[in-house]
Amino acid sequence: MRARTRRGSSFLVSFALALLVPCANAQTQGQDGKEEVLEKVDPYTHGEREALDKAGYVSEGPFEWSEGVRTDEVAETLGAGTVLWIETAHFKIGSTLASYKLHNDTREEKALDDQLARLKPRLQWYQPPRNRLDPWMRTHLLAQRLENVYAEFTAEFGFAGGEARTKKPSAEAAPDTIVPPKKFTVLLTEKTSSLGRYLKRYTDRESRSYDRCPLPGGSMFLGVSAEGLRTQGFDLEVAFHCVVAAEVTRNLVDGFANSWFTCPYWLEYGLAHVAARKVDERFVPSAIVSARANDEDAWKWEPRVRGLVQNGVAPAWTDTLAWEKWEDMKTPGHLVSWSRVSWLLKRKPDELRTFLIGMVKPPADRAEEDHGRIGKAQQIAAARTAFGKTFEELDAQWRKAVLRN
């Protein structure tokens with residue numbers, strides 16, 4: 001799978017998914033603005049039960065999207081024509097994105113080669129892509145990527161594989177399982193206007209390039225607009241992948257044990273940055289402020305972190321505990337949060353699990369409608385319980401590790 005087309009074009013358009021209704025094909029606007037034929041029946045599984053089982057899918061639609069809302073209602077709201085759908089073990093996915101023309105980006109091509117090699121044995125009627133990823137192939141890649149993020153997150157923190165996900169959370173739920181009330185929902189749209197219509201109807205939020213929020217019934221929602229990301233310079237397919245990986249990681253944290261938005265900013269964004277940089281270090285969507293204009297090496301964060309530590313200007317770990325909004329972090333904050341979280345993730349999974357539970361568990365006296373971040377005292381207690389250390393001690397060890405490495 002090698003494609004050679006002119007680099008610099010728009011090449012972010014991702015995964016198209018569609019509602020399965022009795023019709024062979026439908027029209028959708030492609031990346032070049034022209035109409036392309038979109039197959040409503042998946043050519044790689046034919047929608048057959050045996051093939052879906054082989055792929056690890058629950059359904060390719062229709063199905064319930066969120067509490068009281070089905071996929072056909074969402075499709076009507078989007079006003080984008082065809083929508084494709086896939087339900088996996090832990091995600092419900094929908095998209096109106098068109099085909100993606102491959103570009104001459106070596107790192108992206110290598111990543112796609114690896115992903116397609118893992119996807120091939122799971123698709124009954126797999127055909128290797130030539131110079132583009134068609135909408136259904138992008139759908140399958142998205143499903144694989146999302147489940148991979150989930151698997152890595154649960155492995156790092158020593159959680160069970162989500163077997164209890166369909167059970168209603170309770171006080172007796174095992175502390176080593178992730179038990180949100182509903183599967184995560186992920187909606188990818190070609191147009192920002194389509195995402196805007198969905199957000200307005202179902203969440204009463206304004207249109208954005210990408211957004212996250214809880215839906216009625218408990219699902220954590222992620223919506224991403226390819227058009228919106230292109231305006232921010234995220235044109236590559238692999239850049240789109242970084243956005244999805246980072247934001248879904250934030251949803252895993254915020255949806256954990258019904259803890260909505262209690263995790264401190266430094267930890268949540270640090271985990272998101274780690275997830276994005278696992279995909280491709282060049283694109284970290286949640287830290288756009290960290291990029292330097294006309295600096296081709298701005299994505300090389302290791303030497304920048306080392307410079308902050310050497311020059312004594314890295315924010316103290318104890319100071320980061322008080323960050324209450326994204327704007328508080330600024331460029332050095334994003335860099336050191338990523339570095340510190342990367343360093344912490346080398347610890348034992350049981351320690352990390354204990355730490356995460358302590359960092360997201362709402363205080364017992366918190367009102368149900370209060371969704372604020374936990375305070376410094378709870379963070380300090382979580383570190384002491386999990387690692388037996390203060391944040392000052394952890395900070396000193398981290399700084400030594402940065403200078404040593």
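The values are calculated or read from the model by the stated rules, or taken from the named source; none is laboratory data. None of these values were measured; they are calculated from a predicted model. Every residue, glycine as well, gets a Cβ built from its backbone with ideal geometry; the counts of neighbours run over all protein chains shown. Accessible surface areas use protein heavy atoms only, side chains included; no ligands, DNA or RNA. Shrake-Rupley method; radii C 1.70, N 1.55, O 1.52, S 1.80 Å.
What to note about this one:
- Look at segment 294-320: where a residue is without any contact (Cβ under 8 Å) to a residue 40 or more places away in the chain and a partner is open to solvent by 30 Å² or more (accessible area, probe 1.4 Å) and among the charged types (D, E, K, R), sitting 6+ places away or on another chain with Cβ atoms under 8 Å, you get 298/292; 299/281; 299/282; 300/281; 301/281.
- Search result, residues across segment 183-200 that are open to solvent by 10 Å² or more (accessible area, probe 1.4 Å) and closer than 19 Å to residue 245 by Cα: 183, 190
- The residue of segment 79-98 that is modelled with the lowest pLDDT, among those that are surrounded by fewer than 23 Cβ atoms within 10 Å (Cβ to Cβ) and small (Gly, Ala, Ser), is 80.
- Here residue 155 fits the description: at pLDDT 90 or above, of a type in the set (A, V, I, L, M) and surrounded by fewer than 19 Cβ atoms within 10 Å (Cβ to Cβ).
- When segment 99-108 is filtered for residues that are more than 15 Å from residue 139 (Cβ to Cβ) and either part of a loop (DSSP other than H, G, I, E, B) or open to solvent by 10 Å² or more (accessible area, probe 1.4 Å) (or both), the ones remaining, listed by number, are 101, 102, 103, 104, 105, 106, 107.
- Residue count for segment 50-76 satisfying the condition of being open to solvent by 10 Å² or more (accessible area, probe 1.4 Å), in contact with a Gly (Cβ under 8 Å, 6 or more places away or on another chain) and assigned to a strand (DSSP E or B): 1.
- Residue in segment 201-215 that is within 17 Å of residue 73 (Cβ to Cβ) and buried (at least 23 other Cβ atoms within 10 Å of the Cβ) present: no
- Any hit, segment 217-233, residues being of a type in the set (D, E, K, R) and touching a strand residue (DSSP E or B) at 6+ places or on another chain (Cβ under 6 Å): no
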